[in-house]
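**Q** First, the structure itself, so that you have it in front of you.
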């Protein structure tokens, strides 16, 4: 069982990075522009950087890795350690690697590949630049952008009660995104991933896991404003996954993914519909007119955790930027 769990942990990180890298080149263009540029099936394989030959990751995977590193700190409060780790990430967005001095205790800050500005979210940059941070009880702003949900997946790797992981996911997102719809989707995402990693035996159906996760977080979060709105759109995503419309139509019906509840809903839709086919889910998750890299990242997180690393084809690993870093960080959480 250990090997299966470890495969799911690696699958979650690798899958998220793969979805991010696939969607990053089309993040800011419309579906019609995607079709015009890549053909009638849209973008279906990596676009590689001409000089490095790598499929580039965006701020989504960068921040996910820094979430993981914050969690691995043995001393101190996990939420505060994650925040401090985000402050490290913030430096990578404007500081050259050769000019950086300090933080010798951070493995990620020794990797030059991470010192690259990759379309960082305005909200994240604004909050972190002030060295301030919010909590669910004392929000720093009223943002519900997807910059919180796209980075919290590693919290699901913790072997503890889901109330703790769900609460930490919410607080980790509330550092920069104060609207309840900015942090509630993070709690639900982490609950789904945790269940997919640690409670997934006997070929369980992913749809059932999503439905169970919604019921199980109600005790902790149902009193939060807009909780019902989040549940509504995720339930809608599950329902849409069972109709005969095209993925583009259904994803359009869920929104653009620029806000957290839509990002989660699109990721759930693609993951549930293609629960046994990682590639189909990933391709569907990025071919739309919205925030393609974030929806791809979250879909990859979910399905990578559900199916495990072995279900992710080599085409999504070969030439993936920072793949060695991703594997290194995943191994730190192995049981």
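Every read-out reported here was derived from the displayed coordinates using simple, explicitly stated rules and does not represent laboratory data. Because the structure is a prediction, the values reported are computed rather than measured. Note that each Cβ is placed from the backbone with ideal geometry, even for glycine, and that neighbours are counted across all protein chains shown.
**Q** Want the number for residue 87 to residue 75: 0.36 nm per residue separation, take away the alpha-carbon distance, what's left?
**A** 2.6 nm
**Q** Something else: Can you tell me how segment 99-234 classifies by the Cα gyration tensor, rounded, prolate or oblate, using a/c under 1.5 as the rounded cut?
**A** Since a/c reaches 1.5 but b/c is at least a/b, the shape of segment 99-234 is classed as oblate.
**Q** For segment 109-162, what does the alpha-carbon gyration tensor say about shape, rounded, prolate or oblate, given a ≥ b ≥ c as the root eigenvalues, a/c under 1.5 as rounded, and a/b over b/c as prolate?
**A** oblate
**Q** Turning to a different aspect of this structure: Starting from 0.36 nm per residue, how many nanometres of slack lie between residue 131 and residue 98 once their C-alpha separation is accounted for? Don't skip to the end; give the middle numbers.
**A** Numbers: separation 33, 0.36 × 33 = 11.88 nm, distance 2.33 nm.
Full extension of this stretch gives 9.6 nm more.
**Q** List the residues of segment 289-311 whose backbone N lies under 20 Å from a point placed 7 Å from the Cα of residue 32 along the Cα-to-Cβ direction.
**A** Backbone N within reach: 289-292.
**Q** Kindly state, as a whole number, the per residue volume in cubic angstrom of the convex hull around the alpha carbon atoms of segment 11-65. Write down the numbers at each step before the final one.
**A** Values: hull volume 5.1 nm³, N = 55.
In segment 11-65, the Cα convex hull volume per residue is 93 Å³.
**Q** Pop the C-beta distance of residue 332 and residue 258 into the FRET formula with R0 = 35 Å and round what comes out to the nearest 0.05.
**A** The calculated FRET efficiency here is 0.65.
**Q** Once the piece of chain linking residue 111 and residue 47 is laid out straight, how much longer is it, given 0.36 nm per residue of separation minus the C-alpha distance between them?
**A** 20.8 nm
**Q** Shifting gears a bit: Given the C-alpha centroids of segment 133-184 and segment 292-322, what is the distance between them in whole angstrom?
**A** 22
**Q** Could you rank the peptides 70-83, 285-298, 315-328 by their average count of other C-beta atoms within 10 Å per residue, with the highest value first?
**A** On the way: 70-83: 16.4, 285-298: 30.6, 315-328: 18.3.
Ranked by mean Cβ neighbours within 10 Å, highest first: 285-298, 315-328, 70-83.
**Q** Report Rg/Rh for segment 184-286, rounded to two decimals, where Rg is the Cα radius of gyration and Rh the Kirkwood radius.
**A** Rounded to two decimals, Rg over Rh is 0.95.
**Q** Can you match Kirkwood radius over Cα pairs in Å to one of these, [x] 22.9; [y] 21.8; [z] 19.2, based on a calculation from the structure here?
**A** The listed entry that was calculated here is [z].
**Q** Sort 247-256, 53-62 by the packing proxy (mean of other Cβ within 10 Å over each peptide's residues), most packed first.
**A** 53-62, 247-256
**Q** Right, another one. Treating the Cα atoms of segment 49-128 as identical point scatterers in vacuum, please give the log10 of the normalised Debye intensity I(q)/I(0) at q = 0.21 Å⁻¹, two decimals.
**A** Reported log10 I(q)/I(0), two decimals: -0.99.
**Q** List the extent of the Cα atoms of segment 156-242 along each of their three principal axes, largest first, rounded to whole Å.
**A** For segment 156-242, the Cα extents along the three principal axes come out at 38, 32, 21 Å.
**Q** Further question on the same structure: So what's the back-of-envelope 222 nm ellipticity for the chain, counting only DSSP H runs of four-plus at -39500 (n - 2.57) apiece and dividing by all residues, rounded to 500?
**A** Value at 222 nm, helices only, nearest 500: -17500 deg cm²/dmol.
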